[in-house]
Amino acid sequence: MSTQKHNDEILSRARASFIGMAIGDALGATVEFLTATEIQHKFGTFKEIVGGGWLRLKPGQVTDDTQMALCIARAITTAGGWSLEGIAQNFAAWLQSRPVDCGDTCRKGIRAYMLHGHLEVPPSKWDAGNGAAMRLLPAALYAFPDKELLSKYVVEQAHLTHNSPLSDAACINLGELLHLALSGASKNRLRRRVDNLTEEFPAFSFTPYHGLASGYVVDTLQTVFHWFFKGRSFEECLVGTVNQGGDADTTGAICGMLAGAYYGMEGIPARWIKKLDQKVLAELEQVTPLLLKARP
């Protein structure tokens, strides 16, 4: 494969990852906080972007998962490089804009920056939510393909709001999975990387899968891993994930970014792309190549 063709494929997978994340967010938000049984009773199998839910969203509207990821992307592309201060400033401006949703741990960390200029919250075992993992994609794209920079950047952005060993491990592993998928690795190769994570942190083991899909980062990744490795298409992976309910916008966003990187643009159903907020879609299309080119 020529260098140009290889680069074009990476860009396509990166686009699919970012768009897939937003689609997973918009799809899952409708059924957030419902149980799998409640979803089945109300929708059968839920698989269309229709808005609504507890946030009363418009069809295709995204939530904090995509919005915070875009805050990171804008900071990198504006600075022409990594800028933790820029990310923190964007988070603060976003919070002041009164977003449709913001998790408590994210809010607490952003306010610590706004009030005291803190770029790292203190370590806490109670900060093992999924709020750092859900937004890390721009950092992973910017670091690609450097594994050391990946670990540095995803953890630094995490510590703005979440400073927990489980959150850190989840962010690093997810970033490495994204890099593998962007490079065209097989699911067997990705599964071996997850096996490495579960050997070091047995809490993340997802076989057997217990069906928990809460905002706890362990439950989140167990759900994503279960359905990503079980699914045979982007749609199967994502539909299975969001139909677990719970924190479905975030499990959907994380599954969407991973499945998007793996299956590519051709794997994402056109009906979902058409439903996505078109302003968000346009910005995702704009920033993705900039993120890949930003690092010297």
Within the range 254-296, work out how many residues are over 13 Å from Gly60 (Cα atoms), aliphatic (A, V, I, L, M) and surrounded by 20 or more Cβ atoms within 10 Å (Cβ to Cβ).
9
Of all the residues that make up the range 264-296, how many are touching a Gly at 6+ places or on another chain (Cβ under 8 Å), assigned to a helix (DSSP H, G or I) and under 25 Å from Leu190 (Cβ atoms)?
1
If you check Gly51, Gly103, Gly24, Gly28, which single one turns out to be touching a strand residue (DSSP E or B) at 6+ places or on another chain (Cβ under 7 Å), of a type outside the set (D, E, K, R) and on the phi < 0 side of the Ramachandran plot?
Gly103
Give me the pairs: first residue in the range 246-272 and without any contact (Cβ under 8 Å) to a residue 60 or more places away in the chain, second residue assigned to a helix (DSSP H, G or I), beta-carbon distance under 7 Å, and six or more apart or on different chains, which are they?
Pro269/Glu235
Taking Val62, is it closer than 18 Å to Gly256 by Cα and without any contact (Cβ under 8 Å) to a residue 24 or more places away in the chain?
no
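Of all residues in the range 30-47, how many are among the polar types (S, T, N, Q) and either touching a helix residue (DSSP H, G or I) at 6+ places or on another chain (Cβ under 7 Å) or crowded, with 22+ Cβ neighbours inside 10 Å (or both)?
Looking only at that region, the number is 2.
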Regarding the range 48-69, can at least one residue be identified that is surrounded by 14 or more Cβ atoms within 10 Å (Cβ to Cβ), hydroxyl-bearing (Ser, Thr, Tyr) and modelled with pLDDT of 95 or more?
yes
Counting residues that are surrounded by fewer than 21 Cβ atoms within 10 Å (Cβ to Cβ), which helices (runs of 4 or more DSSP H) fully inside the range 129-194 reach at least 2?
147-159, 165-182
Would a scan of the range 41-51 turn up a residue that is among the aromatic types (Phe, Trp, Tyr) and closer than 30 Å to Ala112 by Cα?
no
So for the range 240-247 (the condition being buried (at least 17 other Cβ atoms within 10 Å of the Cβ) and charged (D, E, K, R)), does at least one residue qualify?
yes
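The values are calculated or read from the model by the stated rules, or taken from the named source; none is laboratory data. Bear in mind that the values here come from a model prediction, so they are computed numbers and not experimental data. Heads up, the Cβs are rebuilt from the backbone with ideal geometry, glycines too, and the neighbour counts pull from every protein chain shown.
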